[in-house]
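The values are calculated or read from the model by the stated rules, or taken from the named source; none is laboratory data. This structure is a prediction, so every number in the text was calculated from the model and none was measured. Counting neighbours? That spans all protein chains shown, and the Cβs are built from the backbone with ideal geometry, glycine included. With ligands, DNA and RNA removed, areas are computed over all heavy atoms of the protein, side chains included. Shrake-Rupley method; radii C 1.70, N 1.55, O 1.52, S 1.80 Å.
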Amino acid sequence: MIGRLREVLIGPPLPSSAAGHERLTRPRALGAFGLDALSSVAYGPDEILYVLLLAGAAGAQLDLPVAAAIALLLGIVTISYRQTIFAYPRGGGSYTVARENLGTLAGLTAAAALMVDYLTTVAVSVTAGVEAVTAFVPALFPYRVALGVGCIVLLMLVNIRGVREAGAFFVLPTYVFVGSLGLLVTWGLMRLALGGSPPHVASPPPAVEPLSLLLVLRAFAGGCTAMTGIEAIANGVPAFQKPESRNAAGTLVVLACILGALFLGVAVLGHSIGAVPSDRANVIAQIGQTVGGGGPLYYVVQVSAAVILLLAANTSFNGFPRLAAIMAEDDYFPHRFARRGLRLAFSNGIVFLGALAIVLVVVFGGSTHALIPLFAVGVFLCFTLSQAGMVVHWLRDRGRGWQQKLGVNGLGALTTGVVTLVVVGTKFREGAWIVVLLVPLLVVLFVRIHGVYAYERRALQDYPPPGQRRIHELALVVVARLNRSTAETLDYALSLGVPVEGVHVAVDDAEAERLREEWRGWRTDVPLRLVPSPYREIVAPLVDFVEERCNESPDRYCTVLVPEVVPRRWWHEPLHNQLGIAIELAFRGMAHVVVSRVAVRL
């Protein structure tokens with residue numbers, strides 16, 4: 001039944017030979033990797049205006065220069081990451097580039113920052129999408145946390161089904177959003193070009209802060225959230241069809257061009273109508289009402305924007321598991337994250353990211369505003385470390401045209417480094433300090449994980465060939481009562497050809513005495529040991545007894561055999577006490593003790 005349910009939810013298993021067919025074409029990759037970046041058009045211009053309008057009409061005049069600066073930065077980062085894709089086709093993005101060129105510590109810092117960014121992207125995207133939905137249906141507002149959790153679970157299931165299916169699932173909403181918003185922006189810009197300036201929707205609010213360089217920098221930092229997700233394609237190059245690097249680079253350029261055009265178009269139209277974003281209507285909504293006349297196009301844009309915000313978290317579900325898998329191969333993350341699931345997706349990473357995001361949504365009450373300060377800090381740190389690493393790469397490689405490539409990445413490192421300082425400085429008190437604290441803690445965790453794996457490899461290196469030393473073995477059968485399960489376990493123990501003893505933990509003296517008499521009547525040569533337990537414990541006295549018997553001969557292996565009844569139906573399991581699992585866990589840290597649960601099927 002579990003197998004059938006699994007096939008319904010995630011589909012039938014795929015053989016390893018199907019890995020080549022599971023790769024993404026450019027159109028599907030745009031849906032799989034580009035949603036985070038494209039969805040930022042729905043809130044990036046708003047974040048600029050939220051800050052600039054604090055200075056009233058004077059601040060509102062600077063929204064276009066700030067938007068243009070962000071678009072320029074987008075171009076620089078895109079060209080830089082395009083070079084990274086060709087230089088490092090294995091994927092891993094900032095982590096791989098920084099680790100190979102700037103050292104392990106820089107690589108782990110980039111990985112930690114990127115993981116935090118992926119996590120916050122899921123939480124922010126889902127909560128923003130839920131807020132857009134509740135704006136249409138206010139009755140759903142009290143259930144926003146539950147809706148957010150449900151959306152994350154849905155995204156987890158879609159991605160576990162495999163990268164190809166996930167890409168196909170997201171293609172339609174991606175192109176509906178891009179097409180409808182592009183049509184709206186084009187129509188609005190044509191009206192402006194023909195001299196038909198639309199009326200202003202509102203007047204700038206009165207100034208509550210003076211216009212200053214710090215205010216402009218804060219607006220710039222807020223608008224830079226539009227650039228999150230750009231690095232995801234560089235992290236997932238192996239997911240593309242061959243030639244991987246060329247397809248990934250082409251997709252990145254197309255994504256950046258669409259994002260830049262829509263971002264600037266929304267900023268220009270928002271400026272022309274004097275948009276004042278609010279919780280009830282963002283800049284895109286006000287453009288749709290003014291330029292599109294509130295017609296069908298307005299509703300298509302609004303609905304598709306809400307959907308795209310919900311689905312934007314998919315970029316993280318593609319990026320995080322791949323980064324975790326690469327780090328696991330390098331021994332900096334648990335090895336289980338390097339394994340592919342039944343559908344050839346990195347299922348462990350997908351589930352882990354989804355679970356953490358659910359915790360974040362619940363803790364912050366499903367509020368986008370509360371989560372935004374955690375957003376975009378990590379990604380710009382990754383941008384900076386990646387571009388700085390590429391500078392070192394070109395200085396070492398010095399291949400054809402290396403001077404021009406060095407100049408591009410050097411400019412990228414300088415600009416993103418400045419933006420990193422601006423983002424951290426302007427958002428520090430609002431919550432960015434959490435990311436600043438969390439990144440070094442994660443780096444320490446990665447280093448400790450690597451240390452554990454290194455120690456285990458050293459400890460397992462020296463070993464004699466089998467059969468070179470004599471091992472005295474003893475089989476101990478845990479006896480609760482005389483029945484078929486005990487008899488079959490004793491038969492198995494005697495077949496091992498080693499001394500066998502029965503062990504009963506006596507939590508009740510009268511019952512223990514009855515068992516002793518039954519054992520004698522059984523007329524078996526196997527001795528029965530009664531272990532007293534005055535406090536009615538079972539596991540602890542058993543562990544003490546086994547340890548004492550093993551210590552009698554230091555080179556002795558003791559095999560503890562636990563009879564385990566396997567019921568006829570899966571739903572009968574809760575009716576049994578699962579003692580075998582507790583005993584197995586208790587002996588995990590004890591040398592020369594092997595625990596085996598002997599299944600007796602009814």
From the options A110, A87, residue that is touching a residue at least 24 places away in the same chain (Cβ under 8 Å) and open to solvent by 10 Å² or more (accessible area, probe 1.4 Å): A87
Residue count, the stretch 19-30 (criterion: at pLDDT below 80 and surrounded by 24 or more Cβ atoms within 10 Å (Cβ to Cβ)): 1
Residue pairs meeting the criteria (Cβ under 8 Å; at least 6 apart or on separate chains; first at negative phi and in a loop (DSSP other than H, G, I, E, B), in the stretch 477-502; second buried (at least 21 other Cβ atoms within 10 Å of the Cβ) and of a type in the set (G, A, S)): V479/G502; L496/A475; V498/A475; P499/A475
Members of the stretch 175-234 that are without any contact (Cβ under 8 Å) to a residue 60 or more places away in the chain, more than 40 Å from the chain's Cα centre (by Cα) and not in a loop (DSSP other than H, G, I, E, B): M190, A193
P138, sole failed condition from (1) buried (at least 24 other Cβ atoms within 10 Å of the Cβ); (2) within 30 Å of V303 (Cβ to Cβ); (3) not hydrophobic (A, V, I, L, M, F, W, C): (1)
Enumeration of residues in the stretch 420-445 that are surrounded by fewer than 18 Cβ atoms within 10 Å (Cβ to Cβ) and among the charged types (D, E, K, R): R429, E430
Check on Y50, under 21 Å from F220 (Cα atoms), among the hydroxyl-bearing types (S, T, Y) and surrounded by fewer than 24 Cβ atoms within 10 Å (Cβ to Cβ): yes
Any hit, the stretch 274-283, residues being within 28 Å of L252 (Cα to Cα) and part of a helix (DSSP H, G or I): yes
Exclusive hit being without any contact (Cβ under 8 Å) to a residue 40 or more places away in the chain and touching a helix residue (DSSP H, G or I) at 6+ places or on another chain (Cβ under 9 Å), set F428, F446: F428
Answer residue from the stretch 572-599, given it is touching a strand residue (DSSP E or B) at 6+ places or on another chain (Cβ under 7 Å) and open to solvent by 60 Å² or more (accessible area, probe 1.4 Å) and is farthest from A475 (Cα to Cα) among those: H576
Residue that is small (G, A, S), in a helix (DSSP H, G or I) and under 23 Å from the mean Cα position of the chain (by Cα), where the choices are A68, A32: A32
Options G354, G417, G407, G378; residue that is farther than 19 Å from V435 by Cβ and open to solvent by less than 30 Å² (accessible area, probe 1.4 Å): G354
Residue satisfying all of: in the stretch 521-539; assigned to a helix (DSSP H, G or I) and within 27 Å of C550 (Cβ to Cβ); most open to solvent (accessible area, probe 1.4 Å) among these: W522
Selection status of V268, modelled with pLDDT of 85 or more and surrounded by fewer than 18 Cβ atoms within 10 Å (Cβ to Cβ): no
Subset of the stretch 288-327 [among the aromatic types (F, W, Y) and either over 30 Å from L353 (Cα atoms) or surrounded by fewer than 23 Cβ atoms within 10 Å (Cβ to Cβ) (or both)]: Y298, Y299
Given (1) open to solvent by less than 50 Å² (accessible area, probe 1.4 Å); (2) at pLDDT below 90; (3) of a type outside the set (D, E); (4) outside any helix (DSSP H, G or I), index of the condition Y463 fails: (1)
